[in-house]
Amino acid sequence: MKSVIGLLLSFMLLSTSLFAGGKQEVKKYNPDSPVTITLGGYGDLETAYKAVVESKDFKSKYPNMKVKFVTNDFAAHHDRLTTAIAAGKGAFEVEAIEIGYIAKFVANGGLTDLSGSPFNAKDAVKNIVKYAVSNATTKDGKIIAVPVDIAPAVMFYRKSLTDKAGVDLSDVKSWDEYIKAGRKLTVDKNGDGKIDQYALTSPESVWEIPLNGGKGGWFSSGGNVLEPKERFINVLNLVKKIRKAGIDADLDAWSQSWLASFKTGLVATHFSGAWWGGALRTWVAPKEKGDWRVAYPPGKALASIGGTYLSIPEQISLDKKLPAWELIKYLTTNPAAQLITFKKIDAFPSLTTIFNDPVMDEPVAYFGNQKARKLFAEIALKIPESSVSKYDVIARDIWITAVTNVIIGKSSVEAAYDKAKKQIENRIQ
Amino acid sequence: MVKKRSAGHTLLWKVSGTLKYLVLFGVSLIFIYPFYYVFVLATRERGNMFKVPPPFWFGHGIVDNYNSLLKNLPFWRNMLNSTGIAVLATFTTVIFCTMAGFAFAKYKFKGENFLFNFILVTLAIPQLLGIIPFFKMMVWFNWLNTWFPLFIPTMANAFGIFLMRQYLAGSVPLDLLDAARIDGIGEFKILVKVVFPLAKPAIAVLGISTFIGSWNNFFGALVILRDKRAYTIPVALSSLLGIHNIDFGAIMMGTALSLVPLLVIFLFFSKQIISNLLAGSLKGVAR
């Protein structure tokens, strides 16, 4: 009797392992199987992606895939995702991540490595802007998210104000040249003794440009913090010079007066990612259509400020990961999907194959018929690659304090640098 | 004998009185202005909102902002969620905290002090520290996207128990409870018929703080509620904050409308607090 039971158990174990083994081999998305994928996002991504998944092309390719959206504001979305990842439960199948948070997830894990089988993201991202891919790639080559939109940094300026001041900002060779032009742009227009036009809102809006948007680069190849020193000292000197020149309006970012300054003419220039053009056009300064222009930042500095990535949390089961990956692939590598996103919310495409699309050559009425998109694409292709490290968030936070202390005159450049370096070293030990 | 005031004194008294009211009026303006400003912005067109100096008078965008709000959110459903959760949280917190506070204030039992001190210690633990275990438990209970996690775990909370215990210890005389017992009233009935009426001022304080706390609970609702129809007002309104395109008109309209229930509740409960406190002071409640 015992041997019969033993035989039965062995048979059951064998069949279970065979069944399980067989199941593991099925690592392909089955388009005939109905599935619902939820995409957790922020801001207005839902507006764009909804239009994509409602398109005829998507429906024909994925007739049985239903996509739901859960949207929160920028910070809240990342807080929710962090909680769900820390808890190991409750994340959605696809989660959007802003570039500023990528380093945090590189550090803490919790996202699926898409570079390996069955996703093979390395093939999928071959036509995606290189620097953006590198920002979501760990040092050991794991791709934890795929860029869906990017934000090459440009200098926005108001043509009417620069013309009046007699300066040309279309090709500024250096930061010194920018400051010189900034002095001409900073004027008391009505002669009441008060300055009512400045070059820019605050030196704080500048520091990211020479540091590649603060994405990576906080450590030298040898692992030393804030090295090479000269690179960081130059940035602190730059913000100090700008404040000393008196060309900034000293406005807090996103305050009422900061927002108003872009339409009242209080500021003549601004440094930001390409997405800022959409904000200017739709709600920040819609009536100033035709007056704003875009140009390379001074000295053709290359940086990115913003950008969205799509990821799959590790906690998601494989049968959901496969359709989730299909959705990510469609949103990031399908030219039509990328163009829909661009047209809907001004999120600049990450897919390089559409940089030659006629839409990139179209003059943009808001920028005085300038071919602004061409410039965004040109800059995007030149931004250097850099992989993020798990300590980037710490380094960035401490660095911002150093920048602020130099601007307000609380620290000298050297002292601020030394203090920041020590603080970062202490934190990562 | 009452001394007659001289003309100079009367003038001084009048001037100081006027000054006092002017100062009070100025201070009250500081508190009222943000509310007023929300209502002003709710009526202004989006492109006409951010100006220096800020706009002080109402605009013509009220209908557009309202329509935009309803286009982007199931707003009244979100209001229902917020109201339902806040009412349930207030009702259950008042019941359970009063029961626990009454037990700690008027009953002697083994481990009473240890238990009370243990509850007090939990006040010192930042809520955010418990968010991950809380979230895991809610997933385990299968309570995600339901109202339960937003009022059940806080029904008997440390602050409420402490508040009710302190109030009941000083305001409900033991003789009164004994008299009720002699009359043959059971312990639960004593709680309902004697303790609750006497605890009205503390209940009003607990009620108002719980309602406002629940209404403004952002993080708890954010991690628990998973779709637009289930959102409470703070989470729903924050979801309108885009990056490329922010509809401040809709956000301000939603904020203004969501202030109304809070103001009503505050006016109702604050009246209760003041009237009951005054009643207590005049009657000289026995200890």
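The values are calculated or read from the model by the stated rules, or taken from the named source; none is laboratory data. Remember, it's a predicted structure, so these values are computed and weren't measured experimentally. All Cβ positions, glycine included, derive from the backbone under ideal geometry; neighbour counts span all protein chains shown. Quick note on the areas: whole protein, heavy atoms, side chains included, nothing else; ligands and nucleic acids left out. Shrake-Rupley method; radii C 1.70, N 1.55, O 1.52, S 1.80 Å.
A compact table of results
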item: Which of A:171, B:183 is most accessible, then next, and so on - probe 1.4 Å; result: B:183, A:171
item: J(HN,Hα) series, the range B:88-95, from Karplus relation 6.51 cos²θ - 1.76 cosθ + 1.60, nearest Hz, glycine and proline x; result: 4, 5, 5, 4, 5, 5, 4, 4
item: Cα centroid separation, the range A:200-241 to the range B:10-77 (Å); result: 42
item: Stretch gain in nm, segment residue B:18-residue B:30, where the contour uses 0.36 nm per residue and the Cα spacing is subtracted; result: 2.5 nm
item: Chain A, relative contact order in percent, only Cα pairs under 8 angstrom and at least six apart counted; result: 25
item: Between the range A:335-369 and the range A:110-153, the Cα center-to-center distance that results, in Å; result: 21
item: Residue B:92-residue A:57 FRET efficiency (beta carbon distance; Förster radius 51 Å; 0.05 resolution); result: 0.50
item: Ratio of the Cα radius of gyration of chain A to 2.2 N^0.38 Å, where N counts its residues; result: 1.13
item: Per-selection Rg to Rh, the range B:10-67 - Cα, Kirkwood hydrodynamic radius; result: 1.28
item: Pairs from A:164/A:263; A:28/A:321; A:410/B:51; A:122/A:374; A:194/A:244 whose Cα-Cα separation, in the structure shown, is over 20 Å; result: A:410/B:51; A:122/A:374
item: Of B:37, B:21, B:231, the one that fluctuates the most in a GNM where chain B has Cα springs shorter than 10 Å; result: B:21
item: Backbone HN-Hα couplings from phi across the range B:75-87 [Karplus 6.51/-1.76/1.60, Hz, Gly and Pro as x]; result: 4, 6, 5, 5, 5, 4, 4, 4, 5, x, 5, 5, 5
item: Cα long-axis angle, helix A:318-333 against chain A (0 to 90 degrees, to the nearest 10); result: 30
item: Probe 1.4 Å, all protein chains present, accessible-area order of A:78, B:60, largest first; result: B:60, A:78
item: Computed Kirkwood radius, in angstrom, where 1/r is averaged over Cα pairs of chain B; result: 22.7
item: Relative contact order of the range B:1-146, defined on C-alpha pairs under 8 angstrom at six or more residues apart (%); result: 11
item: Residue with peak Gaussian network fluctuation, chain A [Cα springs, cutoff 10 Å], from A:153, A:51, A:337; result: A:51
item: Förster-model FRET efficiency, 22 Å R0, residue A:361 and residue A:123, C-beta, rounded to 0.05; result: 0.15
item: Proximal lysines to residue B:189, defined as alpha-carbon separation beneath 28 angstrom and excluding residues fewer than eight positions away on the same chain; result: B:106, B:108, B:110, B:200, B:271, B:283
item: Point-to-point label distance, residue B:38-residue A:64, nm (Cα→Cβ direction, 7 Å offset); result: 4.9
item: Over chain B, relative contact order from alpha-carbon pairs under 8 Å, at least 6 apart, %; result: 29
item: Nearest 10 degrees, 0 to 90: helix A:413-428 Cα axis against chain A principal axis; result: 10
item: Largest to smallest accessible area among B:9, A:270 [probe 1.4 Å]; result: B:9, A:270
item: Residues with amide H under 5 Å from that of residue A:38, placed H, sequence gap 5 or more; result: A:68, A:93, A:94
item: Candidates B:269, B:35, B:151, ranked by Gaussian network fluctuation over chain B, Cα under 10 Å, top entry; result: B:35
item: Degrees, to the nearest 10: A:392-407 long Cα axis against longest axis of chain A; result: 10
item: Amide H within-cut-off set for residue A:197, under 5 Å, with H built and near neighbours excluded; result: A:187, A:189
item: Cross-link pairs A:390/B:71; A:104/B:136; A:184/A:300; A:50/A:139 - those with Cα-Cα distance over 31 Å; result: A:390/B:71; A:50/A:139
item: Solvent-accessible surface (1.4 angstrom probe) belonging to residue A:189, in square angstrom, nearest 10; result: 110
item: For residue A:412, solvent-accessible area (1.4 Å; no DNA, RNA or ligand), Å²; result: 60
item: J(HN,Hα) series, the range A:141-157, from Karplus relation 6.51 cos²θ - 1.76 cosθ + 1.60, nearest Hz, glycine and proline x; result: x, 7, 9, 9, 7, 10, x, 10, 9, 10, 9, x, 7, 9, 9, 8, 9
item: Principal axis dimensions, the protein assembly as shown - Cα atoms, whole angstrom, descending; result: 113, 91, 54
item: Over the protein assembly as shown: helical MRE at 222 nm, DSSP H runs n ≥ 4 each giving -39500 (n - 2.57), nearest 500; result: -17000 deg cm²/dmol
item: Amide H within-cut-off set for residue A:151, under 5 Å, with H built and near neighbours excluded; result: A:305
item: Charge context of residue A:330, other residues only, Cβ under 12 angstrom, K/R +1, D/E -1; result: +1
